[in-house]
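Engineer: The structure follows.
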């Protein structure tokens, strides 16, 4: 059971929260309640709750100090749900850096709002635990893996439908709806706010989390962070009826209103047309980016179906360079990367009046590099370390010439960095693949499936694996399975057919055939010989 702690100096509020939901239905037990932050801190140390619901204003230690102390002491768990009043929005903003799971207004608190907040917290808790569990598995971290998947989907970067379906299965995603629509969004802070760089990062992170929570309350969707202030949304629809489109607009309006009330920021949004298959989402996203160019804080929600600007045929489409970019980022091929980015820079320079297309194209190259490169944010931040706002300086470029200069810096910096890291990265990638195989040796592993997990093309993984390990991919899996089979036969006293089944072989006969080819004797003979010794 997930443990939850309630912290509020009003006993009636504590009782109300305890009785408002059937907590067992959520897999939650209430481990206790406290009247102030200091008492809560002692209980957190004793019971280690995963979720804490706390008021802001309390004696001795308030809710914000409690959240801050726990964040510094215990990390990202426990998750905090903050109870506020309308007058405490400014205090709530101070909790930006504590990554609270949700804010609930006390006067509006009811079973529905509390239940939804708990569901959001449980989802985030599961993501955090899954990420931690995967750190030592050899598999890419869940959030990075998901982000790369959705970046590929938005830009039509899958090699084929099979690769797409394999990653959908591995990530346990659902694409069974009939229609989809993409949106491209920007978080625009009030220029009057005086905030440090760190405060801005926290502001954008908390705004994005609130947007995710609000949108998912309205309809199924995926929210994908592109950089610090830009994100995309993929909406799922059972139909293309007018009421479905209205639900999407209501969700975006509600999210925009709430983040403005809480954080004094604006959302500007471009919305794409509906498409009838997941692999067409990139078409909707292209439409959304076109519509986005006409969005302003005064007219923030621009629908492609109503906008359709004349510049549609001149919009920059990253898929034109897809194969070369994928190859360059996958293989750390600096020659291909330099030539491809040079072509793009030349394209910008030959169209000096196409500023919107140039800035859009540069941003999408940036998003792709951030997503596909290991430690992408750190790598690209290093390239633009001389700029106060790092790679986000792209948003200050005022004309095509400046965008081209920025792209030149990106190109040269990436090529220098990738050249230096090429050998280390390849060895690290194969080490992770080997670890992944070892941790999933009891499954039926194929080259396509493992390549999909790591976002690599099967052909590239096969060649790199052979070159790095001196043995083929399939041969390595066979060796790992037979090594595990030996241990199972000797230590677990299992039948041959039981070992074959547990290791994912199609039959005991085939397992015995492979075993004999590798070991030089059948599994039965191996077990008997070991017993005699």
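Engineer: State whether one or more residues within the stretch 198-221 are over 17 Å from the mean Cα position of the chain (by Cα), at pLDDT 90 or above and in a helix (DSSP H, G or I).
Structural biologist: Within the stretch 198-221, not a single residue is over 17 Å from the mean Cα position of the chain (by Cα), at pLDDT 90 or above and in a helix (DSSP H, G or I).
Engineer: Restricting to the stretch 224-273, what's the tally of residues that are more than 23 Å from residue 202 (Cβ to Cβ) and either over 23 Å from the mean Cα position of the chain (by Cα) or part of a loop (DSSP other than H, G, I, E, B) (or both)?
Structural biologist: The total comes to 15.
Engineer: Quick check on my filter: what residues within the stretch 478-515 are more than 37 Å from the chain's Cα centre (by Cα), surrounded by fewer than 16 Cβ atoms within 10 Å (Cβ to Cβ) and assigned to a helix (DSSP H, G or I)?
Structural biologist: 487, 490, 491, 497, 498, 509, 510, 513
Engineer: Scan the stretch 66-79 residue by residue and report those that are over 20 Å from residue 120 (Cα atoms) and surrounded by fewer than 19 Cβ atoms within 10 Å (Cβ to Cβ).
Structural biologist: 68, 69, 72, 73, 74
Engineer: For the stretch 1-38, name all the residues that are touching a strand residue (DSSP E or B) at 6+ places or on another chain (Cβ under 9 Å), outside any strand (DSSP E or B) and more than 18 Å from residue 109 (Cβ to Cβ).
Structural biologist: 1, 27, 35, 36, 37, listed by residue number.
Engineer: Based on what the data block shows, is residue 445 in contact with a helix residue (DSSP H, G or I) (Cβ under 8 Å, 6 or more places away or on another chain), in the same structural domain as residue 151 (by TED's automatic domain parsing), on the phi < 0 side of the Ramachandran plot and surrounded by 14 or more Cβ atoms within 10 Å (Cβ to Cβ)?
Structural biologist: yes
Engineer: If you check residue 194 against the conditions, is it surrounded by fewer than 18 Cβ atoms within 10 Å (Cβ to Cβ), more than 21 Å from the chain's Cα centre (by Cα), within 22 Å of residue 76 (Cβ to Cβ) and at pLDDT below 85?
Structural biologist: No.
Engineer: Every residue in the stretch 424-440 that is crowded, with 19+ Cβ neighbours inside 10 Å and farther than 19 Å from residue 329 by Cβ, please.
Structural biologist: 436, 437, 440
Engineer: For residue 52, work out the one condition from (1) outside any loop (DSSP other than H, G, I, E, B); (2) crowded, with 17+ Cβ neighbours inside 10 Å; (3) over 32 Å from the mean Cα position of the chain (by Cα) it doesn't fulfil.
Structural biologist: Single failed check for residue 52: (3).
Engineer: For residue 305, which of the numbered conditions (1) assigned to a helix (DSSP H, G or I); (2) modelled with pLDDT under 85; (3) not assigned by TED's automatic domain parsing to the domain that holds residue 265 fails to hold?
Structural biologist: Condition not satisfied by residue 305: (3).
Engineer: Between 389, 360, which is over 23 Å from residue 332 (Cα atoms) and buried (at least 17 other Cβ atoms within 10 Å of the Cβ)?
Structural biologist: Every option except 360 fails the conditions.
Engineer: So, in the stretch 516-533, of the ones that are out of contact with any helix residue (DSSP H, G or I) (no Cβ under 7 Å at 6 or more places or on another chain) and part of a helix (DSSP H, G or I), which residue ends up farthest from residue 434 (Cα to Cα)?
Structural biologist: 532
Engineer: Quick test of your reading of the structure: residue 456 fulfils all but one of (1) under 28 Å from the mean Cα position of the chain (by Cα); (2) over 19 Å from residue 337 (Cβ atoms); (3) in a loop (DSSP other than H, G, I, E, B). Name the failing condition by number.
Structural biologist: Unmet for residue 456, out of (1) under 28 Å from the mean Cα position of the chain (by Cα); (2) over 19 Å from residue 337 (Cβ atoms); (3) in a loop (DSSP other than H, G, I, E, B): (2).
Engineer: Related question: For residue 122, all conditions in the list (1) at pLDDT below 75; (2) surrounded by fewer than 19 Cβ atoms within 10 Å (Cβ to Cβ); (3) touching a helix residue (DSSP H, G or I) at 6+ places or on another chain (Cβ under 9 Å) hold save one; what is the number of the exception?
Structural biologist: Residue 122 satisfies all of (1) at pLDDT below 75; (2) surrounded by fewer than 19 Cβ atoms within 10 Å (Cβ to Cβ); (3) touching a helix residue (DSSP H, G or I) at 6+ places or on another chain (Cβ under 9 Å) except (1).
Engineer: Oh, and also: Among (1) in a helix (DSSP H, G or I); (2) surrounded by fewer than 20 Cβ atoms within 10 Å (Cβ to Cβ); (3) modelled with pLDDT of 85 or more, which single condition is residue 403 missing?
Structural biologist: Going through the list (1) in a helix (DSSP H, G or I); (2) surrounded by fewer than 20 Cβ atoms within 10 Å (Cβ to Cβ); (3) modelled with pLDDT of 85 or more, residue 403 breaks only (2).
Engineer: Shifting gears a bit: So which of 208, 200, 226, 215 is crowded, with 18+ Cβ neighbours inside 10 Å and without any contact (Cβ under 8 Å) to a residue 24 or more places away in the chain?
Structural biologist: From the options 208, 200, 226, 215, the qualifying one is 208.
The values are calculated or read from the model by the stated rules, or taken from the named source; none is laboratory data. What you are looking at is a predicted structure, and each value in this text was computed from that prediction instead of being measured. Methodologically, a virtual Cβ is constructed for each residue, glycine included, from the backbone with ideal geometry; neighbour enumeration extends over all protein chains shown.
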